Amino acid sequence: MTTVRSLCVYCGSSSRVAPHHFEAASRLGAILAQRRIRLIFGGGHVGLMGLMADAALAGGGEVIGVIPDFIEDLEVAHPDVTELVVVDSMHARKQKMFELADAFAVLPGGLGTLDETLEIITWKQLNIHDKPIVLVDVEGYWAPLRGLIDKLVDEGFAGPDALNFFTVVTRVEDVLPALARAPELAIEPEPSHI
């Protein structure tokens, strides 16, 4: 069983999306506050990111945003978070979010969310971490990604265990139960090249 005190949530910053995506983000933020799980997110006040942070804050939750300075300079940083960590690059943002989190959840999002998702899954494949990852497949949003990973396996570009690096749920209410069921995995040491 994995104990989660801090959950990093990757999600979109667009406000031009269907209402069910906004509802999922708000609901997840509220659930995290209710369960007293710290939210780690990208630090923005727009789109799903902003709504999720607002819901967590409204519920009395702790919210830590991690944002690159050039995005903060565009005045999209969330002004009310518990703590705003300003870093110097997108790479530093991803590293800091990783360091602060016990686990990861992925809501729908755009290219940035896809980048974050693939990197955290790849790091798990490379045994850089053993933290659980849950994709929230709202209205089938992540089905194409799962299909692509199936294709990678079929074509020999990924091992048959590639789909085991993350769990998929269809509702935000299932995120925390899925994380609780995730086994604590031991990281195998890198083979010696001597």
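The values are calculated or read from the model by the stated rules, or taken from the named source; none is laboratory data. Every value quoted in this text rests on a predicted model; they were computed, and no experiment measured them. Cβ sites come from the backbone with ideal geometry, for glycine too, and all protein chains shown count toward neighbours. To get the accessible areas, we keep the full protein, side chains included, count just its heavy atoms, and leave off ligands, DNA and RNA. Shrake-Rupley method; radii C 1.70, N 1.55, O 1.52, S 1.80 Å.
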Here the residues within the range 93-115 that are open to solvent by less than 30 Å² (accessible area, probe 1.4 Å) and assigned to a helix (DSSP H, G or I) are Arg93, Lys94, Met97, Phe98, Thr113
Within the range 85-99, is there a residue that is in contact with a Cys (Cβ under 8 Å, 6 or more places away or on another chain), modelled with pLDDT of 95 or more, more than 24 Å from Ala18 (Cβ to Cβ) and of a type outside the set (D, E, K, R)?
yes
Identify, from the list Ile128, Ile121, the residue that is among the hydrophobic types (A, V, I, L, M, F, W, C) and at pLDDT 95 or above.
Ile121
Looking only at the range 116-141, and only at residues there that are under 25 Å from Val17 (Cα atoms) and outside any helix (DSSP H, G or I), the one that is farthest from the chain's Cα centre (by Cα):
Tyr141
So, of the residues in the range 127-171 that are among the polar types (S, T, N, Q) and at negative phi, which turns out to be least open to solvent (accessible area, probe 1.4 Å)?
Thr167
When residues of the range 160-173 are filtered for being in contact (Cβ under 8 Å) with a residue 24 or more places away in the chain and under 20 Å from Lys131 (Cβ atoms), how many remain?
7
Among (1) in contact with an Asp or Glu (Cβ under 6 Å, 6 or more places away or on another chain); (2) in a helix (DSSP H, G or I), where does Val4 come up short?
(2)
Take Ser6 and tell me if it is polar (S, T, N, Q), at pLDDT below 95 and under 16 Å from the mean Cα position of the chain (by Cα).
no
